[in-house]
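Just below is one structure, and these are the notes that go with it.
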Amino acid sequence: MAELMYWEAIRRAHDEEMARDPLVICMGEDIGVAGGTYKATKGLFDKYGPERVIDTPISENGFTGLGIGASFLGVRPVIEIMSVNFAWLAMDQIFNTAAKVRYMSGGQLTAPIVVRSPGGTAHQLGAQHSARMEKVFMGIAGLRVVTPSTPKQAYGLLKSAIRCEDPVFINEHELMYNLKGEVPDQEFFHPLEGSEVVREGRDVTLFGYNISVHWALQAAEVLSKQHGIEAEVVDLYTLSPLDRAGIAASVSKTHRAIIVEEAEPAVGVGSEVMAIINEECFFELDAAPLRVSAVNVPIPYNRQLEKAALPAVKDVVDAVLSQVAK
Amino acid sequence: MEVDLLKTMLRDMLLARAFEERAAQEYAQGNIAGFLHLYPGEEAIAVGVLRAAEPADYIVSTYREHVHALVRGIPPGVVMAELFGKKDGCSGGMGGSMHLFDRERRFMGGYAIVGETFPVATGIGYAVAMRRLPEAVICFFGDGAVNQGTFHESLNMAALWKLPVLFVCENNHYQIGTEIHRHSAVAEVWKRACGYRIPAKRIDGMDVLAVHEATVAALEQIRAGNGPQLLECETYRFRGHSMADPGSYRPKVELQAFEDNEDPVKIAIAETVAAYPTGEQIAAAGSGNIERLSGHLQQSELLTAAQLEAMRKEVAEVVEEAVHFAARSPEPAMEDAQAALDCNRHDEVLI
Ligand SMILES: Cc1ncc(C[n+]2csc(CCOP(=O)(O)OP(=O)(O)O)c2C)c(N)n1
Ligand SMILES: [Mg+2]
């Protein structure tokens, strides 16, 4: 098994799929000649040429819509939006066209596109470059949303997304492209639906996704070493549709739930997971579920405030301690 | 042109260059973070345009806006403090390098989403038009931005309703790493304005006098109620797109040629220092700029080499003081962030 960085894993998935199927193309700003802001398409321009590796103008709604149109005829576009903050501009095409065309056409057309984009808060990128938009995408019927927390998932989810007949949004993370991890040498396809228990525990379940899985794992270590509390950590790599059975199974085992999310609390992954817990396994709970979320402000530029606006490992530990005390 | 104005513009450009080079150093030291987009190479545009504007005019800019802010009169220390994320910064430390604001000076902001500014500037123009004031809105943008739909939508509305907006394209030929011929079917930005019957002009954005002159003429038309105008200023950025970008996609010879022969600061010095151009050169050249300059040369001594040196020293001190101010300024607190989010909801007064 090779150790790859997150960006290398994404690159490999692109490369394998493009080598296999001449109708797989990728497009986005600076992805070709420059190899992509996060190198996710490095070298592909030289290998596959400008017709299949397209440097686009700054026209997010335009080129996303173009990808959707091309997908009607069987082309498989993988669209990189340089940062989710710019995906707002392409929402019209993603929501109004890609997510709904199969339905509106009575199943005659499908839009098998993949839109990949890094979200999250990086290092002082300011209010307009720190959006956490997964909550927006996951609320739209007709769109799949996945979010890799490891290089292995980044590889396998992209492979599956390219083969999928539905439009898929892949929520990556600005800070994770250099994250290293094992990726099997053998080609594999990660399921687009589900969740994964990444640490077994009996006392409380910490739900995380993307970068917050790592925060939850760190908190679980502290809880185990310093407080004798064994937390289970569940990686929600699929945000739409959320894994109802997986969520219920873990909560039924630990009887306590905390959701760790990088976004502001309102209308988010946390609130949705809580709703599912209510609906699926309310009577299994020993304490009210909690959310550890960001402060409800646009991310401040100032370094200390940026940090203070985001959940920290200590916040997760404190939340668990307060919940266990009840 | 007034000699004083000429000297002012030269000082603006020297200050701009010194400020930006220092910002790069402070970024390397870790005092500035995030995306830092610098302006060296493009100074003649901000300076030429904004020195032709009135204090009552409104300015809308992008993430590459430090110099627009400086020329508009936001004190260098206050701009630097914002780059440092400090409380005394012009956005209270909430904005950072890409989001400089100063409502009092009608600096309506630096925005980081490409294309976002066109409708906003057009809307400010609408409000100005409603109030029948002889004010204009100046909207700065890059060559890459014109491929957003908002550019076309805004040009159409501005022309349709004769709004007082001056669109100023800072055409540095690159959209990060993508050269203009690879991102635009028509590489002459000014031509796009013709589709909306907006008077447009392409000018040498390395020549501050040319920029100033064109802006004066455009603003005159706008204030006369004749609707929007567009200026395409051809320029080049000497650095990468941002501090995160080494800019290695550009041929070395291209950069070198611009640095050697087209540096707007060098050009402005040449236009201002008395020793240049020579009498023969002036006699030989027939262009408007040179004639004007030669007029000045005959009337006044303009600037000596010693005065130029003094000017450089003075701006270096200003930048040094700006850094001290920024370093000393306190950090904002979370209550300040909350207040920034909640304030300004009441008692809105049109400025
Ligand atoms: C909607 C949107 N898409 C992409 C970006 C990323 N981005 C920032 S600046 C830039 C290039 C802009 O080029 P140009 O308009 O020529 O301005 P310049 O930086 O050259 O001054 C890009 C693609 C963004 N900020 N906003
Ligand atoms: Mg440009």
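The values are calculated or read from the model by the stated rules, or taken from the named source; none is laboratory data. What you see is a predicted model, and the numbers here were worked out from it, not measured in a lab. All Cβ positions, even for glycine, are placed from backbone atoms using ideal geometry, and neighbour counts span all protein chains on display. The protein model used for the area step is the full one, side chains on, heavy atoms only, and it has no ligands, DNA or RNA in it. Shrake-Rupley method; radii C 1.70, N 1.55, O 1.52, S 1.80 Å.
Assuming charge only on the beta carbon of Lys and Arg (+1) and of Asp and Glu (-1), the dipole of the protein assembly as shown about its Cα centre is about 860 debye to the nearest 20. Put A:H214, A:H14 in order of accessible area, highest first, and with a 1.4 Å probe you get A:H214, A:H14. Straight-line reach from A:K307: taking Cα to Cα under 24 Å and skipping same-chain neighbours fewer than 8 places apart, the lysines in range are A:K135, A:K180, B:K86, B:K87. Computed over the alpha carbons of chain A, Rg followed by Dmax gives 19.6, 61 Å. For region A:1-144, what class follows from the C-alpha gyration tensor (a ≥ b ≥ c being the square roots of its eigenvalues): rounded when a/c is under 1.5, otherwise prolate if a/b is larger than b/c, else oblate? Note, shape of region A:1-144 comes out oblate.
Averaged over peptide A:303-313, the number of partner chain Cβ atoms lying within 10 Å of each residue's Cβ comes to 3. Shown in residue order for region A:283-300 are the 3J(HN,Hα) couplings computed by the Karplus curve 6.51 cos²θ - 1.76 cosθ + 1.60 at θ = phi - 60°: 6, 7, 6, 9, 8, 5, x, 10, 10, 10, 10, 7, 5, 7, 9, x, 5, x Hz (x for Gly and Pro).
Averaged over the residues of peptide A:119-127, the number of Cβ atoms from other protein chains lying within 10 Å of each residue's Cβ is 5. Only one residue of B:V114, B:Q148, B:L100 has its Cα farthest out toward the positive end of the dipole of chain B, where Lys and Arg carry +1 and Asp and Glu -1 on Cβ, and that residue is B:Q148. In order along region B:252-269, the phi-based Karplus estimate (6.51 cos²θ - 1.76 cosθ + 1.60, θ = phi - 60°) of 3J(HN,Hα) comes to 4, 4, 5, 4, 4, 4, 5, 5, 6, 10, 10, 4, x, 5, 4, 5, 5, 4 Hz; Gly and Pro are listed as x. Amide H contacts of A:A294: A:A263, A:E264, each under 5 Å away and 5 or more positions distant or on a separate chain (H built 1.01 Å from N in the peptide plane; Pro and chain starts excluded). Note on surface exposure: B:H241, A:H255, B:H181 rank B:H181, A:H255, B:H241 by accessible area, highest first, 1.4 Å probe. Note on surface exposure: B:C90, B:C139 rank B:C90, B:C139 by accessible area, highest first, 1.4 Å probe.
With a Förster radius of 35 Å applied to the beta-carbon distance between A:V197 and B:R328, the computed FRET efficiency rounds to 0.10.
Projecting the Cα atoms of A:L23, A:M82, A:Y6 onto the charge dipole of region A:1-95, computed from C-beta unit charges around the Cα centre, puts A:L23 farthest toward the positive end. Remark: mean inter-chain Cβ contacts per residue of B:179-186 equal 2, using a 10 Å Cβ-Cβ cutoff to other protein chain atoms.
When peptides B:124-135, B:62-73 are ranked by their average number of other Cβ atoms within 10 Å per residue, the highest-first order is B:62-73, B:124-135. Measuring from centroid to centroid over Cα atoms, what is the spacing of region A:14-71 and region B:105-173 in Å? Comparing the Cα centres of region A:14-71 and region B:105-173, I get a distance of 31 Å.
Going by a ≥ b ≥ c, the root eigenvalues of the Cα gyration tensor, does region A:196-324 fall in the rounded group (a/c under 1.5), the prolate group (a/b larger than b/c) or the oblate group? Here region A:196-324 falls in the oblate category. Distance from the alpha carbon centroid of region B:26-54 to that of region A:130-164 works out to 37 angstrom.
Straightening the chain between B:E2 and B:W161 buys 53.7 nm, computed as 0.36 nm per residue apart minus the Cα-Cα spacing. Karplus-based coupling profile of region B:307-323, in residue order and whole Hz: 5, 4, 4, 5, 5, 4, 5, 5, 5, 4, 5, 4, 5, 4, 5, 4, 5, with θ = phi - 60° in 6.51 cos²θ - 1.76 cosθ + 1.60 and x standing for Gly or Pro. For B:C194, the accessible area of its heavy atoms, probed at 1.4 Å with every protein chain present, is near 70 square angstrom. The charge dipole of chain A, taken about the Cα centre with unit charges on the Cβ atoms of Lys, Arg (+1) and Asp, Glu (-1), comes to about 160 debye, rounded to the nearest 20. Near the amide H of B:R202, within less than 5 Å, lie the amide hydrogens of B:E232, all on another chain or at least 5 residues away, with H placed in the peptide plane. When peptides B:171-178, A:2-9, B:182-189, B:140-147 are ranked by their average number of other Cβ atoms within 10 Å per residue, the highest-first order is B:140-147, B:171-178, A:2-9, B:182-189. Between the alpha-carbon centers of region A:224-300 and region A:77-104, tell me the distance in whole angstrom. Taking the Cα centre of each part, region A:224-300 and region A:77-104 sit 28 Å apart.
Its Cα centre serving as origin, region A:2-183 has a Cβ charge dipole (Lys and Arg +1, Asp and Glu -1) of approximately 380 debye. If the cut-off is 18 Å between C-alpha atoms, which lysines fall inside it for A:K47, apart from same-chain ones fewer than 8 positions away? Here the lysines satisfying the reach criterion relative to A:K47 are A:K39.
Near A:R76, the amide H atoms lying under 5 Å from its own belong to A:V24, A:I25; only residues 5 or more places off or on other chains count, and H is placed 1.01 Å from N. When nucleic acids and ligands are ignored and a 1.4 Å probe is applied, B:W161 ends up with an accessible area of around 130 Å². By a 1.4 Å probe calculation restricted to protein chains, A:L73 has an accessible surface near 150 Å², given to the nearest 10.
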